[in-house]
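The values are calculated or read from the model by the stated rules, or taken from the named source; none is laboratory data. All of these numbers come straight from a predicted model, not from anything done at the bench. As a convention, Cβ positions derive from the backbone with ideal geometry for all residues, glycine included, and neighbour counts pool all protein chains shown.
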Ligand code: GLV
Ligand code: MG
């Protein structure tokens, strides 16, 4: 299990569509997930499971993080999703996205089930990670325990289901509900998820922006979670990929500045015989805290190949 995979862009691909699965292979996303949940009709789920096993074992995913979203635990489909996909393609799968997680017990169930299948199939136990989606009020209330549950690599915000769960009076994900003119109606939820993720040392991922042709709207809404510190965002369409990769990579000037801070601080520390303390970089005073901030930006930039 690797909790530090690059996840700037995570492409949602319906598990029922051979055409969209093929197209996904060529897109420049860090992660993709083959969906068995909301993108797949109930009668198409059985066939989609088999298609997903074929798509994963065939390969051609070019280093992307390979994920499957199973159905939520309040349906009759989840266990069959997990057993079919992991028995059939467990060695070619990096994480399972579990939707509508409202208690850490959901994650524990998946962890135990995965362990059973891994043992039975001779797979490495514990390699497959879990990404819980926080999509309702109960999940947000339980979020710290969910973040610390076994195998969790990232917390994912599910804005559409979440907005419905709290009765928010808006039909457009990320847009401010009419009548709420005192700030950003999403700030609390995003910052709560981010804080829980950082406290548990896992990644924080923003969910989808549904107006796929509105790239300006995507930039505005995604820009907020990127600025807060989220690691990435879902994309639903090829038109969204470049904007999201760019939003979740540092700006070139910030990246260059971060590398300069790290170089200057390292030089200063070794010149002072290893003693850490404050130093000057031009007119800017830098210290151990500056080094930590610079490491975050430089780390993201290096992961993005800057
Ligand atoms: C995603 O699953 C969402 O509900 O926004
Ligand atoms: Mg959802």
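Tally time: how many residues in the stretch 205-229 are closer than 14 Å to residue 193 by Cβ and within 14 Å of ligand 1 (Cβ to nearest atom)?
Summing the residues that are closer than 14 Å to residue 193 by Cβ and within 14 Å of ligand 1 (Cβ to nearest atom) in the stretch 205-229 gives 4.
Would you check which residues across the stretch 1-59 are in contact with a strand residue (DSSP E or B) (Cβ under 6 Å, 6 or more places away or on another chain) and surrounded by fewer than 16 Cβ atoms within 10 Å (Cβ to Cβ) and list them?
1
For the stretch 61-180, which helices (runs of 4 or more DSSP H) that fit wholly inside it have 2 or more residues that are more than 16 Å from ligand 1 (Cβ to nearest atom) and surrounded by 18 or more Cβ atoms within 10 Å (Cβ to Cβ)?
Correct list: 78-89, 104-121.
For the stretch 260-288, which positions are closer than 28 Å to residue 224 by Cα and crowded, with 16+ Cβ neighbours inside 10 Å?
Across the stretch 260-288, the qualifying residues are 260, 261, 262, 286.
Name, by its number, the condition in (1) within 16 Å of ligand 2 (Cβ to nearest atom); (2) over 17 Å from the mean Cα position of the chain (by Cα) that does not hold for residue 209.
Tallying (1) within 16 Å of ligand 2 (Cβ to nearest atom); (2) over 17 Å from the mean Cα position of the chain (by Cα), residue 209 fails exactly one: (2).
Hey, could you check the stretch 105-132 for residues that are more than 18 Å from residue 93 (Cα to Cα) and in contact with a helix residue (DSSP H, G or I) (Cβ under 9 Å, 6 or more places away or on another chain) and say which is farthest from ligand 2 (Cβ to nearest atom)?
Once the filter is applied, the top-ranked residue is 109.
List every residue pair whose Cβ atoms sit under 7 Å apart, with the two residues 6 or more apart in sequence or on different chains, where the first one lies in the stretch 162-174 and is at positive phi and the second, anywhere, is in a helix (DSSP H, G or I) and more than 9 Å from ligand 1 (Cβ to nearest atom).
Close Cβ pairs satisfying both conditions: 174/221.
Do you know which of the residues in the stretch 289-306 that are exposed (fewer than 12 other Cβ atoms within 10 Å of the Cβ) and modelled with pLDDT of 85 or more is nearest to residue 28 (Cα to Cα)?
292
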